[in-house]
1. Evaluate the Kirkwood expression for the hydrodynamic radius of the chain, namely the inverse of the mean inverse distance over all pairs of different C-alpha atoms, and round to one decimal in Å.
2. Let me check the size of segment 66-178 from its C-alpha atoms; what are the radius of gyration and Dmax in Å?
3. Give the angle, between 0 and 90 degrees and rounded to the nearest 10, that separates the Cα long axis of helix 26-35 from the longest principal axis of the Cα atoms of the chain.
4. Give me a comma-separated list of calculated 3J(HN,Hα) values for segment 156-167, in order, Karplus coefficients 6.51, -1.76, 1.60 applied at θ = phi - 60°, integers in Hz, x for any Gly or Pro.
5. Semi-axes of the equivalent ellipsoid for segment 118-186, please: Cα gyration tensor eigenvalues, times 5, square-rooted, ordered largest first, whole Å.
6. Quick one: if you stick a label point 7 Å off each Cα along the C-beta vector at Arg119 and Thr170, how many nm between them?
7. What does the charge add up to near Ser78, with Lys and Arg as +1, Asp and Glu as -1, over the other residues with Cβ less than 12 Å from its Cβ?
8. Along Cα→Cβ, 7 Å out, is where each label goes; now give me the distance between the ones at Tyr85 and Arg73 in nm to one decimal.
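Every number in this text was worked out from the coordinates using simple rules, so none of it is lab data. Computed from a prediction, not measured in an experiment: that's the story for all the values here. Reconstructed Cβ throughout: ideal geometry from the backbone, glycine too, with neighbour counts over all protein chains shown.
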Amino acid sequence: MANVKMILKNGKKVNWLVEKNIIDREEQFLAELSRQGYIYKETTYLNFRSEEANKYFPNDECVIFKGTLNLGRDVLRSAWTPGAYMNEKNLRCSTYYAYFGDYLLNNKYFILPLAELIRRQTEILEYFKSNGEIFIRPNSNMKSFRAGVFNLKILNTMMTLGQELRTDETTLVLVAAKRLITKEWRFLFTKIRLLLVHFI
């Protein structure tokens, strides 16, 4: 974490709300917040209620949330400023793939309703030169189901696929070829510098 103090015009520092047991290297992150003099509090998705957010910080405070998108959605309903930095529309594959498609791991893909995936499964499997297995993820980043590799020759009806993914036939999904992933990196861009975070 950069050693840059975030201070409001009134001289008060930004406060942090951190979702427990979600982020990597949580202890180091919290230690760094303490080292830089920030006040932080921890919570969990099940314990947080936006109408009771003032149990953590007063309503007129500046608070930044770090955690999952689902809890971030609840934090945005609080009176805090800014609360959480998230725009659900911008986090959809159908939005950001339009700009970054050439640079993505899954840069050959289809986005279509789940029912169309069943109707067009032969065409899709032929396109990806697959024996049945393809990668499927929700278009939304709110994770209506867990992304993964699924076998369309086994889950070959709307009923079986819908039950496996626990969603309905109108849900937009992204499908791509199965890929072997051994390492993952996340890039965070700021006005000052580029931060690289490596996940195994």
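1. Here the Kirkwood hydrodynamic radius works out to 19.6 Å.
2. Radius of gyration, then largest Cα-Cα span, for segment 66-178: 15.8, 51 Å.
3. 20
4. Whole-Hz 3J(HN,Hα) from phi for segment 156-167: 9, 10, 4, 5, 5, 5, x, 5, 5, 8, 6, 8.
5. 19, 17, 10
6. Modelled inter-label distance: 1.5 nm.
7. Here the count lands on -1.
8. Placing both labels 7 Å along Cα→Cβ, they lie 2.2 nm apart.
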